[in-house]
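Student: Before we start, here is the structure in question, set down as structure tokens.
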Amino acid sequence: MSCSNPLKPFSLFLVIFFLAPLFLTGCNKPPPESQGSISVEYTERTIDLYSSSCSTCHESSATGAPQTGDSLAWQPRIDKGMDALLENAINGFSGMPPLGLCMECTKDDFEALIQYMASEQLSNPV
């Protein structure tokens, strides 16, 4: 004589029904960004613009410009906010000429370039 449990399929349904939402609550949420940090997206255009315009000054410590990948040098600037950084890049600041001599750069380009240069993950810039 075989004994089957009629509640077994129902029990499995309850486990799945109540546990699945617990596993799925973290899905599709971006990781939290830390305060004072920036995210970096590298595009071919950003790298090309960096190589043709920014690298001249941001790879030579003699210029006084914050060096690409030097997060300590960039942090006080990042703390002022992206709007202040964009204003400096567009209008010029200290020894930096207006537009950083990148006449084809858009506001979005400058934002991407700032993020690219300020990233500490860059140990060997292009």
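Student: Going by the conditions given, is residue 68 β-branched (Val, Ile, Thr), outside any loop (DSSP other than H, G, I, E, B) and either under 12 Å from residue 118 (Cα atoms) or at pLDDT 75 or above (or both)? Write out each step before concluding.
Tutor: On the way: β-branched (Val, Ile, Thr): yes; outside any loop (DSSP other than H, G, I, E, B): no; either under 12 Å from residue 118 (Cα atoms) or at pLDDT 75 or above (or both): yes.
No; evaluated as a whole, the condition is false for this residue.
Student: Hey, another quick one. Could you grab me the full set of residues in region 53-65 that are part of a helix (DSSP H, G or I) and surrounded by 13 or more Cβ atoms within 10 Å (Cβ to Cβ)?
Tutor: Of region 53-65, the ones part of a helix (DSSP H, G or I) are 53-58, 61-63.
If the condition is that a residue be part of a helix (DSSP H, G or I) and surrounded by 13 or more Cβ atoms within 10 Å (Cβ to Cβ), then 53, 54, 55, 56, 57, 58, 63 are the ones that fit.
Student: Right, another one. For residues that are polar (S, T, N, Q) and in a loop (DSSP other than H, G, I, E, B), scanning just region 76-118, find the one that is surrounded by the fewest Cβ atoms within 10 Å (Cβ to Cβ).
Tutor: Here the residue is 94.
Student: It is to be established whether one or more residues within region 28-40 are modelled with pLDDT of 55 or more and out of contact with any strand residue (DSSP E or B) (no Cβ under 8 Å at 6 or more places or on another chain).
Tutor: No - not one qualifying residue is present in region 28-40.
Student: Next up: Within region 68-101, track down each residue that is under 17 Å from the mean Cα position of the chain (by Cα) and of a type in the set (Phe, Trp, Tyr).
Tutor: Passing the criteria: only 74.
The values are calculated or read from the model by the stated rules, or taken from the named source; none is laboratory data. None of the values given here were measured: they were computed from a predicted structure. Neighbour counts run over all protein chains shown; Cβ positions are idealised from the backbone, glycine included.
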